[in-house]
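Q: Once you've had a glance at the structure underneath, I'll fire off some questions.
Nothing in this text is a laboratory measurement; each read-out follows from the coordinates by a stated rule. Everything numeric here is computed off the predicted structure, so don't read it as measured data. Note that each Cβ is placed from the backbone with ideal geometry, even for glycine, and that neighbours are counted across all protein chains shown.
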Amino acid sequence: MRVVITGGAGFLGSHLCDTLLSRGDSVVCVDDLSTGRLENLEDARNSPAFRFIEADVTLGLDVPGPVDAVAHLASPASPPDYLRRPLQTLAAGSRGTEHALALARRHHARFLLASTSEVYGSPQVHPQTEEYWGHVNPVGPRSVYDESKRFAEALTTAHRGALGVDTGIVRIFNTYGPRMRADDGRVVSNFIWQALSGNPITVYGDGEQTRSFCYVDDLVHGLVAMLDSDHAGPVNLGNPAEFTVGQLAVMIREMTAISTPVHYRELPQDDPPRRRPAIERAARTLGWRPVVDLAEGLGHTIDWFRSRSGAPREAGVTVAG
Ligand code: NAD
Ligand code: UDP
């Protein structure tokens, strides 16, 4: 297959590039490098089957040559990133999705939308099944992301129904792993980087809110399974093991063996109190389920962050024990 990946220089997109290249596909990565990085593509760029196009998908999307599939991942994704870029986030979900769908339509290609658990908002149904319509504040700060993804799902569904495009929607739950930016602001990268650099771990609120964390390799296997299928979705992709943010802080302090203090900060507005995917649909339709548990995945992620910088141990950090 020749696959176009929008947002392919980002955290998830770059792993998807690598996985598809390693099984023999050709990959065209289209990215404006707003939150992604070329260094994520170091391996991919060594492959003759890889091409990088620096472009903003909200302005249009044209890729020369054949296209068998389009995976649309371009969008700011971490809360600090999308709160800093409210209009770009709405544009990525709306105009960006429209351009990516048009490219798939022109080529009779499979289209994959990277949607999010955020479409469930602050969920009143737990765990979240795909049938649940969600509970989103349309004028709250997070709405720029949540509503843009909900619109993207509607646009994708309409292209399938009205225009016959072969579309699939996945709703991705909190995913972590190597290549997250240290300053990306999401909880796993924040806690690991704070611990390794000897800064206080910042728990927002009382730390009793929950998330269910999926390791990136598992997630990417789910994306590939959905690309290869003709299923419309939506399909939840996530790891159903649920942890409080406080539990995550304890695990990361123990695993890094660095005794940095925990500081409590104000809970951001509309921060969902709990989140956990029901993944029976993914198991049934894609034969997919995650296999990496949180301790193992955090171990890989901590090792990766350590390998990126000699700074933490040189920064006068207290090492426990
Ligand atoms: P990321 O910020 O690392 O990657 C997003 C990529 O999109 C970046 O490389 C960025 O430069 C690019 N991009 C943004 N706007 C663009 C534009 N207008 N034109 C071209 N490129 C653009 O984030 P990520 O975690 O890899 O997320 C990838 C996708 O998966 C996003 O659509 C996100 O909403 C979705 N998702 C991720 C998670 C997660 O836990 N990582 C959860 C739910 C959904
Ligand atoms: N969080 C936290 N400290 C941080 C960053 C995040 O306590 O330094 C909390 C945040 O308030 C939320 C959870 O961790 O309850 C997950 O946040 P993240 O930004 O990773 O993802 P999302 O809120 O989109 O699920």
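Q: Where the convex hull is taken over the Cα atoms of segment 144-209, what is its projected area averaged over directions, in nm²?
A: Mean shadow area of the hull around the Cα atoms is 6.6 nm².
Q: If packing is taken as the mean number of other Cβ atoms within 10 Å per residue, what is the order of 60-69, 83-92, highest first?
A: 83-92, 60-69
Q: Would you grab the residues whose amide H sits under 5 Å from the one on Thr175? Only those 5+ places off in sequence or on another chain, please, with H modelled 1.01 Å from N.
A: The answer is Cys214.
Q: For the chain, find the longest principal axis of its Cα atoms and tell me its angle to the long axis of helix 245-256, 0 to 90°, nearest 10.
A: Helix 245-256 sits at roughly 70 degrees to that axis.
Q: Take peptides 93-102, 116-125 and line them up by average Cβ neighbours within 10 Å, highest first, as a rough protection proxy.
A: Those peptides, ordered most packed to least, come out 93-102, 116-125.
Q: Can you give me the Cα centroid spacing of segment 242-309 and segment 153-185 in angstrom?
A: Segment 242-309 and segment 153-185 have Cα centres spaced 20 Å from each other.
Q: Compute, for the chain, the length of the dipole vector about the Cα centre, with Cβ point charges of +1 (Lys, Arg) and -1 (Asp, Glu) only. Units Debye, rounded to 20.
A: 140 debye
Q: Of all alpha-carbon pairs in segment 97-212, indicate the percentage at a distance above 19 angstrom.
A: 60 percent
Q: Hey, another quick one. How are the Cα pair distances of the chain distributed, in percent, across 10 Å bins from 0?
A: In whole percents, the pair-distance histogram is 6, 27, 36, 23, 7, 1, 0.
Q: Mind listing P(r) for segment 239-307? All alpha-carbon pairs, 5 Å bins, whole percents.
A: Result returned by the calculation: 3, 12, 17, 19, 17, 17, 9, 4, 2.
Q: Using only the alpha-carbon atoms, how far is helix 187-196 inclined from the longest principal axis of the chain? Give it as 0 to 90 degrees, nearest 10.
A: Roughly 40 degrees between the two axes.
Q: Starting from the amide H of Ile5, placed 1.01 Å from N in the peptide plane, find each other amide H under 5 Å away whose residue is 5 or more places distant or on another chain.
A: Val28, Cys29, Val30, Ala71
Q: A follow-up question, please. Could you give log10 I(q)/I(0) at q = 0.11 Å⁻¹ for segment 34-151, computed by the Debye formula over C-alpha point scatterers of equal weight, without solvent?
A: Results for segment 34-151 at q = 0.11 Å⁻¹ read -0.44.
Q: Helix 294-308 versus the longest principal axis of the chain: what is the Cα-based angle in degrees, 0 to 90, to the nearest 10?
A: Once rounded, one gets 90 degrees.
Q: Here is a follow-up. Consider just the alpha-carbon atoms of segment 34-95 and return their Rg together with their Dmax, both in angstrom.
A: Answer for segment 34-95, Rg first and Dmax second: 13.5, 37 Å.
Q: On alpha carbon coordinates alone, what is the Rg over Rh value for segment 183-321, Rh being the Kirkwood radius?
A: 1.03
Q: Continuing with the same structure: Distance in nm between label sites at Leu33 and Thr202, each 7 Å beyond Cα in the beta-carbon direction?
A: Each label point is offset 7 Å from its Cα along the Cβ direction, giving 2.7 nm.
Q: Which cross-chain or sequence-distant (5 or more) residues have an amide H under 5 Å from the amide H of Asp166, H modelled 1.01 Å from N in plane?
A: Those qualifying (amide H under 5 Å, at least 5 residues apart or on another chain) are Phe111.
Q: Go from 0 up to the bin containing the longest alpha carbon distance in segment 1-79, width 10 Å each, and give me the % of pairs per bin.
A: Bins of 10 Å from zero give 21, 58, 20, 1 percent of pairs.
Q: Determine the calculated [θ] at 222 nm for the chain from helices alone, applying -39500 (n - 2.57) to every DSSP H run no shorter than 4 residues and normalising by the residue count; nearest 500 deg cm²/dmol.
A: Value at 222 nm, helices only: -11000 deg cm²/dmol.
Q: A further question follows. Give or take rounding to whole Å, what are the principal axis extents of the alpha carbon atoms in segment 74-124, in descending order?
A: 36, 27, 13
Q: Between segment 22-43 and segment 75-106, what is the C-alpha centre distance in whole Å?
A: Computed from Cα coordinates, the inter-centre distance equals 17 Å.
Q: If you don't mind, another one. Within segment 199-240, whose backbone N sits under 16 Å from a point 7 Å along Cα→Cβ of Asp303?
A: From segment 199-240, the list is 215-218.
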